[in-house]
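The values are calculated or read from the model by the stated rules, or taken from the named source; none is laboratory data. All values derive from a computational prediction rather than experimental measurement. Glycine also receives a Cβ, built like all others from the backbone with ideal geometry; neighbour counts cover every protein chain displayed. Just so you know, the surface numbers come from the protein's heavy atoms only, side chains and all, with ligands and any DNA or RNA stripped out. Shrake-Rupley method; radii C 1.70, N 1.55, O 1.52, S 1.80 Å.
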Amino acid sequence: MRKTAHVRYNARMPTLILKPGREKSLLRRHPWIFSGAVGQITGSPAPGATVEVRDAQGAWLARAAWSPASQIRARVWTFDEQEPVDADFFRRRIQAALARRSNLGLAAVTDALRLFHAESDGLPGLIVDRYGEVLVLQSLTAGSEFWLETLADLLLEATGLPTIYERSDADVRELEGLAARTGLLRGSNFESRITISEYTLKFLVNVATGHKTGFYLDQRANRHRVGALARGRDVLNCFCYTGGFSLHAAAGGAKSVLSVDTSGEALALGQENAALNGIDADGLTWSDADVFTALRKFRDQGRAWDLIVLDPPKFAPTAAQAEKAARGYKDINRLAFKLLRPGGILATFSCSGGIDAALFQKIVASAALDAEVEAQMVEVLGQGADHPVALHFPEGAYLKGLLCVKG
Ligand code: SAH
């Protein structure tokens, strides 16, 4: 019975046939098929349409979204031959992701979290973040684009929420041949400024104009950790955005917090966030400056801190930019080590997909060597639990962090 359905289904599907020997990563359940692995494509699938994937001998491997403009030519939806790619399939994936989130204990801590994390939750290209009662969606691939309206309806159905704002304006869409698109996807009466809670703090997030979907949700636990280490310390928060680490540090009892960023809009929101939490403005200073320049100036002025946070933007989106990015990371980490007082803590991060955890550790180690300081790594940090990493998809682990103590 199932077999009959499967054969009928198969017959009208375009098929991607791999070059000989190129099925290995798929057998390990890695979901990407690069252009160099594609032998032949039968039929003429539209961008984002579903194709059957077979090895060079004709054995069935997967069902994937066709992405003709991208170097990642197809992304797997399912490795189960009996599973059609239809609304029910997407409903199951969305419900499973929500069920996983509900077991993480995050509801006690925040009302803003990632509900769907693309490949790692089983749907390449789909990012969904929840900010209070509003969902913010990013569609990043031809496949998620093809199913966008279905996905939007299913998300409302699964969450019971009324509003989806779309932030499909990430640079990676260009690699898929997709133009940027933002705006209200579902609902009405939408206000782009939303107040969220994170542990004991509140943050204003602008989901229409903020970075990514509005806030760096992936750093939640690390902000909290830094807050717990801040008591009595002078804190320097580099690349502060809207003051996430700064306010956690202030709430944790920091003596002073200096926050540096080049975005005037982010700094203004940071100050609003301080006021929103009733945090005494005296101990907080905000500086609109380039971190690379500011750190040099601080060094020349002989300034020093007890806790420094470095959370720069993505210097290396892919491995191709890793070398130049490594120089950037080393530079700021070297300067930060110099600016730390003995016993001071460095909380240093990289969200670059092109720099893996081992390389990041090497960069930080060589920065300490160049700064002529002894330092120990006391904790290894990563992205929050609502940003899971599928074990067969190591690329999902993009956020790396180290807590180091200067000797
Ligand atoms: N730690 C923040 C997120 C940082 S995102 C949080 O927890 O919310 C990176 C930030 O670096 C952005 O706000 C961006 O405006 C800023 N930025 C990028 N390049 C910069 C530079 N050269 N100097 C200072 N800030 C920079």
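Scan the range 32-65 for residues that are surrounded by fewer than 18 Cβ atoms within 10 Å (Cβ to Cβ), part of a loop (DSSP other than H, G, I, E, B) and out of contact with any Leu (no Cβ under 7 Å at 6 or more places or on another chain) and report the count.
Going through the range 32-65 one residue at a time, the tally reaches 6.
Give the range 253-275 a look and list any residue that's out of contact with any helix residue (DSSP H, G or I) (no Cβ under 9 Å at 6 or more places or on another chain) and either closer than 14 Å to Val205 by Cα or crowded, with 21+ Cβ neighbours inside 10 Å (or both), or say none.
Within the range 253-275, Glu265, Ala266, Leu267, Ala268, Leu269, Glu272 meet the criteria.
For the structure I just gave you, tell me whether Asp88 is farther than 20 Å from Ile164 by Cβ and open to solvent by 40 Å² or more (accessible area, probe 1.4 Å).
Here the answer is yes, as Asp88 does meet what is asked.
In the set Arg327, Arg296, which member is in a helix (DSSP H, G or I), touching a Leu at 6+ places or on another chain (Cβ under 8 Å) and at pLDDT 95 or above?
After applying the criteria, what remains is Arg296.
Please identify the pairs in which a residue from the range 66-94 that is outside any loop (DSSP other than H, G, I, E, B) has its Cβ atom under 7 Å from the Cβ atom of a residue that is open to solvent by 60 Å² or more (accessible area, probe 1.4 Å), counting only partners at least 6 apart or on another chain.
Final answer for the pair search is Trp66/Pro47; Ile72/Phe34; Arg73/Phe34.
Out of the range 12-39, which residues are among the basic types (Lys, Arg) and either farther than 18 Å from Val85 by Cβ or within 29 Å of the chain's Cα centre (by Cα) (or both)?
Across the range 12-39, the qualifying residues are Lys19, Arg22, Lys24, Arg28, Arg29.
Might you check whether a residue that is aliphatic (A, V, I, L, M) and not in a strand (DSSP E or B) occurs anywhere in the range 340-352?
Scanning the range 340-352, I find no residue that is aliphatic (A, V, I, L, M) and not in a strand (DSSP E or B), so the answer is no.
I need the full set of residues from the range 229-255 which are part of a loop (DSSP other than H, G, I, E, B) and more than 9 Å from the ligand (Cβ to nearest atom), in order please.
The answer is Leu229, Ala230, Arg231, Gly232, Arg233, Gly252, Gly253, Ala254, Lys255.
Could you identify the single residue in Val260, Val226 that is more than 9 Å from the ligand (Cβ to nearest atom) and either β-branched (Val, Ile, Thr) or in a strand (DSSP E or B) (or both)?
Val226
Would you say Pro47 is within 19 Å of the chain's Cα centre (by Cα) and not assigned by TED's automatic domain parsing to the domain that holds Thr318?
In short, no.
Can you pull out every residue in the range 14-46 that is hydrophobic (A, V, I, L, M, F, W, C) and free of Cβ contacts under 8 Å to residues at least 40 places away in the same chain?
Passing the criteria: Leu27, Phe34, Ala37, Val38, Ile41.
If the Cβ limit is 7 Å and pairs must be 6+ apart or interchain, which residue in the range 282-299 that is closer than 14 Å to Lys338 by Cβ pairs with which residue that is of a type outside the set (D, E, K, R) and more than 12 Å from the ligand (Cβ to nearest atom)?
Between residues of the range 282-299 that are closer than 14 Å to Lys338 by Cβ and residues that are of a type outside the set (D, E, K, R) and more than 12 Å from the ligand (Cβ to nearest atom), the close pairs are Leu295/Leu335; Leu295/Ala336; Leu295/Leu339; Arg296/Leu335; Phe298/Leu339; Arg299/Leu335; Arg299/Leu339.
This table checks each residue for (1) under 22 Å from Gln219 (Cα atoms); (2) among the polar types (S, T, N, Q); (3) free of Cβ contacts under 8 Å to residues at least 40 places away in the same chain; (4) open to solvent by 40 Å² or more (accessible area, probe 1.4 Å).
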site	(1), (2), (3), (4)
Ala368	no, no, yes, no
Val373	no, no, yes, no
Val378	yes, no, yes, yes
Gln383	yes, yes, no, no
His387	yes, no, no, no
His392	no, no, no, yes
Ala397	yes, no, no, yes
Leu403	yes, no, no, no
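Within the range 282-318, track down each residue that is under 17 Å from Ala250 (Cβ atoms) and open to solvent by 70 Å² or more (accessible area, probe 1.4 Å).
The answer is Asp282, Thr285.
Considering (1) more than 12 Å from the ligand (Cβ to nearest atom); (2) within 24 Å of the chain's Cα centre (by Cα); (3) part of a helix (DSSP H, G or I), say which one Asp282 fails and leave the rest.
(2)
Let's see how each residue does on (1) open to solvent by 10 Å² or more (accessible area, probe 1.4 Å); (2) within 27 Å of Arg73 (Cα to Cα):
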residue: Arg114; (1), (2): yes, yes
residue: Glu119; (1), (2): yes, yes
residue: Leu123; (1), (2): no, yes
residue: Tyr131; (1), (2): no, no
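Show the residue pairs meeting these rules: Cβ distance below 7 Å; 6+ apart or different chains; first residue within the range 345-362 and more than 16 Å from Val389 (Cβ to Cβ); second residue away from the ligand (no atom under 16 Å from the Cβ) and β-branched (Val, Ile, Thr).
From residues that are more than 16 Å from Val389 (Cβ to Cβ), the pairs are Ile345/Val405; Thr348/Val364; Gly354/Thr318.
Does Ala316 fit the bill of being at pLDDT below 95 and assigned to a loop (DSSP other than H, G, I, E, B)?
Here the answer is yes, as Ala316 does meet what is asked.
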